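Working notes for the structure below.
The values are calculated or read from the model by the stated rules, or taken from the named source; none is laboratory data. For clarity, every value in this text was computed on a predicted model and none was experimentally measured. Glycine also receives a Cβ, built like all others from the backbone with ideal geometry; neighbour counts cover every protein chain displayed.
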Amino acid sequence: MRTRADHPVFNKDIDALMQGRDEYVDDRDPAALARACFASEGGDVLGEGFPRKLAVHAGFGGRPLAADKVGEHMARMLNIPRAGKTAAYVHVPFCESHCLYCAFFTKGYERKESARYADALQRELDLWSRTPLVRSGPVHCVYFGGGTPTALEATDLARMIGAVRETLPLANDCEITVEGRIHNFGPDKMEACLDAGANRFSIGVQTFDTALRRSMGRIAGREEILDALRRLIAFGQAAVVIDLIYGFPGQDMELWQRDLETVLELELDGVDLYQLNTFTNTPLHRAIEHGTLPRLADTGAQGRMYAEGSRVLDEARWRRLSSSHWGRTTRERNLYNHMVKGPAHCLGFGPGAGGTLHDSSYFVRRDYAGWLEEIGRGRKPVATLMLAPERAVLAKSLAQAFDVGRINLARLGRTLSLPLAGLAGPVTEQWARAGLLRIDGEWLDLTVAGHFWQVTMAQLLITFFNRTFQEDYTS
Ligand code: SF4
């Protein structure tokens, strides 16, 4: 029997969470394991549903493959045709400034790198273009993310999008998203993206409040953002979606409500509401430690801001697409964000891009100079490759269902021939009592508090099933 310490798919965040529970006694006892997943009852479930809130997205682990085996394994993957849904992700590593809260800044933008990057990306795409893996079926969505793709020069933005369209077999209704920020994203770049075939923009606004923006290292002010968004919307050629963040230091409910009102005033196609996550390697963390910025909103305050965002958008009849995405028009489909949380393939290109193929996930080498060098030598620089755990489809399906907020364990169990609904019954019934979800026949529908805690809940259930099947309680 495996112990928790050598469990291959064990998440240490959940380990800490479970060990912090008084009632957690013995992980070989299924009732104790279920109790360890329980939420707090009778209090403020939105602010205090669990001892700790996991953020970003639910993980499911995997086994790293030894570096000397990676090339051979990738070669085998490339010869296996794909089936099912497929996304593509292209990473553009440059940013024009380092936003204080960001842990993903890798490289400042230099104009001279724009063409060089676009040339190298074309070569990277060419390396896989004729393989059975790439040619075997349609790609349903492409996401140009970063970094800041809109930092690139207009001609290179067009070349980058054109290269992907020519190289990958895109579905007729492929969603093609360009992520960006308003600073330095003028009409020439907007037109270049649209002419090349982009049909969705995801713009990182974060907040419209100029003073708050500047305190976080953002460059454009409120009026500049509004002008640029209206210009982008006026083209009428693509879905325009923005990101907002709640929980910045100094951002109170009034500022947040003003941001939400501004969203309603614009003719946007969609909006994403994200909680601020801080990482210890960010300038924001250091500024708070040194006392130059106030402390972050706590989980309770963040929960109230999230609930307010949900209320405002629901009252305005925006469609909830997931726990953090809303669409106002039918143009917004949110395909990429939805697909990559589930059991789809993802073809990753560019330095630092991640991908998922068949039974493996991989990361392309992150350092830009090293990526350029290897691409120049005609090699795709895969830095790490993980073999998926045995029940990856279960874990990904759960993460995706929780993200959407509608979970059907009975149906998923029938598909995977696993008694999921019965095993998890004590947990899901307690979550219903706590106010995190409603049970409607086979369906579990998350409440607003459930949407706020969904990553924690998904991760708990993934860990619960991993432990349960590992220990074989069902036999
Ligand atoms: S938030 Fe976006 S634009 Fe800002 S540093 Fe991070 S990746 Fe760059």
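Taken as a whole, the structure places residue 167 among residues that are over 28 Å from residue 105 (Cβ atoms) and either at pLDDT 95 or above or of a type in the set (S, T, N, Q) (or both). Filtering the stretch 168-191 for residues that are part of a helix (DSSP H, G or I) and under 23 Å from residue 376 (Cβ atoms) leaves an empty set. Remark: pairs (first residue in the stretch 397-409, touching a residue at least 60 places away in the same chain (Cβ under 8 Å); second residue part of a strand (DSSP E or B); Cβ separation under 8 Å; 6+ apart in sequence or on different chains) = 398/407; 402/446; 405/320; 405/445; 405/446. Yes or no: residue 443 surrounded by fewer than 21 Cβ atoms within 10 Å (Cβ to Cβ), among the aromatic types (Phe, Trp, Tyr) and more than 22 Å from residue 53 (Cβ to Cβ)? For residue 443, the condition - surrounded by fewer than 21 Cβ atoms within 10 Å (Cβ to Cβ), among the aromatic types (Phe, Trp, Tyr) and more than 22 Å from residue 53 (Cβ to Cβ) - is met. Restricting the stretch 343-364 to residues that are surrounded by fewer than 21 Cβ atoms within 10 Å (Cβ to Cβ) and free of Cβ contacts under 8 Å to residues at least 60 places away in the same chain, the residue that is farthest from residue 83 (Cα to Cα) is 363. Restricting attention to the stretch 89-111, the residues that are within 16 Å of the ligand (Cβ to nearest atom) and assigned to a loop (DSSP other than H, G, I, E, B) add up to 14. Taking the stretch 192-239 as the range and being part of a helix (DSSP H, G or I) and either small (Gly, Ala, Ser) or within 16 Å of the ligand (Cβ to nearest atom) (or both) as the test, the residues that pass are 192, 196, 211, 212, 213, 214, 215, 224, 225, 228, 234. Among the residues that make up the stretch 173-188, is at least one of them within 16 Å of the ligand (Cβ to nearest atom), free of Cβ contacts under 8 Å to residues at least 40 places away in the same chain and surrounded by fewer than 17 Cβ atoms within 10 Å (Cβ to Cβ)? No, the stretch 173-188 contains no residue that is within 16 Å of the ligand (Cβ to nearest atom), free of Cβ contacts under 8 Å to residues at least 40 places away in the same chain and surrounded by fewer than 17 Cβ atoms within 10 Å (Cβ to Cβ). Condition first: within 14 Å of the ligand (Cβ to nearest atom) and at pLDDT 90 or above. Can you find one or more residues in the stretch 112-133 that meet it? Within the stretch 112-133, none of the residues are within 14 Å of the ligand (Cβ to nearest atom) and at pLDDT 90 or above.
Annotation note: Cβ proximity below 9 Å between a residue of the stretch 80-105 that is hydroxyl-bearing (Ser, Thr, Tyr) and at pLDDT 95 or above and a residue that is assigned to a loop (DSSP other than H, G, I, E, B) and within 14 Å of the ligand (Cβ to nearest atom) (sequence gap 6+ or interchain) occurs for 89/350; 89/353.
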